[in-house]
Amino acid sequence: MSITLHHHPLTRAASVVWQLEEVGVPYTLSFVDLKTGAHKAEAITAKNRMGKVPVLVDGSCVVSETAAIGLYLADRYAPGTLAPALDDPARGPYLRWCVYAPVVVEAACLAKANGWTVNTANAGFGSYDDMTATLREGLAGGPWLLGERFTMADVVLGATLRYMLQFKMIPAEDTFVAYAERLAARPALVRATAVNARSIAEHGLG
Ligand SMILES: N[C@@H](CCC(=O)N[C@@H](CS)C(=O)NCC(=O)O)C(=O)O
């Protein structure tokens, strides 16, 4: 089977390149030109009705949503390593952190950045301060979310945290910065950054 990532290097698709490099499977990038609206054309909307990237196609399997793509790749290509096995108790926290990134971290950061006033009891992402405290505690054991074990949860949540730090949507506290530095040293992230940089240059996005 061949894997194609519908990609734009300045989007969340960049972190799927990191996911792919971590699992170590061959893949092809298919550039989606957001400027020309290519993501709203049928080639993409037939695969993801949202008309958004990333979209991953692996043979007859189509997956969208960055966290879901990470979960898929780890289960399919790195079971027992990047994805804890189904009967491993670590599976619980693993799934929790993968879902926490888009559902809580992203949403709480967006709410704060945009000054949205929400009822934190009803809003699933709760309060920004509870979110940062949860992350702080989650990373306290380190070096990774599951302690000594690096998993796809570190890629999914780590990519979100790196983005939030870059755009100052999360405070540059030692715990968060040190975690981001450990992630930046991952050879797979170094390779992914080079792949994304080549795509930026190739498509004149620099
Ligand atoms: N929840 C989706 C979000 C995907 C998303 O918003 N992608 C953006 C780029 S980062 C996009 O395609 N935006 C173009 C548009 O919506 O017009 C995920 O996590 O993958």
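Things worth noting here:
- When residues in region 29-67 are screened for being near the ligand (Cβ under 8 Å from one of its atoms), open to solvent by 40 Å² or more (accessible area, probe 1.4 Å) and in a helix (DSSP H, G or I), 1 of them pass.
- Count of region 140-172 residues, restricted to those that are buried (at least 20 other Cβ atoms within 10 Å of the Cβ) and acidic (Asp, Glu), is 1.
- Considering (1) among the hydroxyl-bearing types (Ser, Thr, Tyr); (2) surrounded by fewer than 18 Cβ atoms within 10 Å (Cβ to Cβ); (3) touching a residue at least 60 places away in the same chain (Cβ under 8 Å), the lone condition that residue 175 does not fulfil carries the number (3).
- One residue from 44, 69 being touching a Pro at 6+ places or on another chain (Cβ under 8 Å), modelled with pLDDT of 95 or more and either on the phi > 0 side of the Ramachandran plot or among the hydrophobic types (A, V, I, L, M, F, W, C) (or both): 69
- In region 68-82, residue nearest to the ligand (Cβ to nearest atom) [restricted to those that are in contact (Cβ under 8 Å) with a residue 24 or more places away in the chain and open to solvent by less than 60 Å² (accessible area, probe 1.4 Å)]: 69
- Only one of the numbered conditions (1) touching a residue at least 40 places away in the same chain (Cβ under 8 Å); (2) surrounded by fewer than 14 Cβ atoms within 10 Å (Cβ to Cβ) is not met by residue 85, and that is (1).
- Residues that are open to solvent by less than 60 Å² (accessible area, probe 1.4 Å) and either touching a Gly at 6+ places or on another chain (Cβ under 7 Å) or over 23 Å from residue 155 (Cβ atoms) (or both), drawn from region 1-28: 19
The values are calculated or read from the model by the stated rules, or taken from the named source; none is laboratory data. Predicted model, so just to flag it, every value in this text is computed and none were measured. So basically every Cβ, Gly included, is an ideal-geometry build from the backbone, and we count neighbours across all protein chains shown. Protein only, heavy atoms only, side chains kept; ligands, DNA and RNA dropped before computing areas. Shrake-Rupley method; radii C 1.70, N 1.55, O 1.52, S 1.80 Å.
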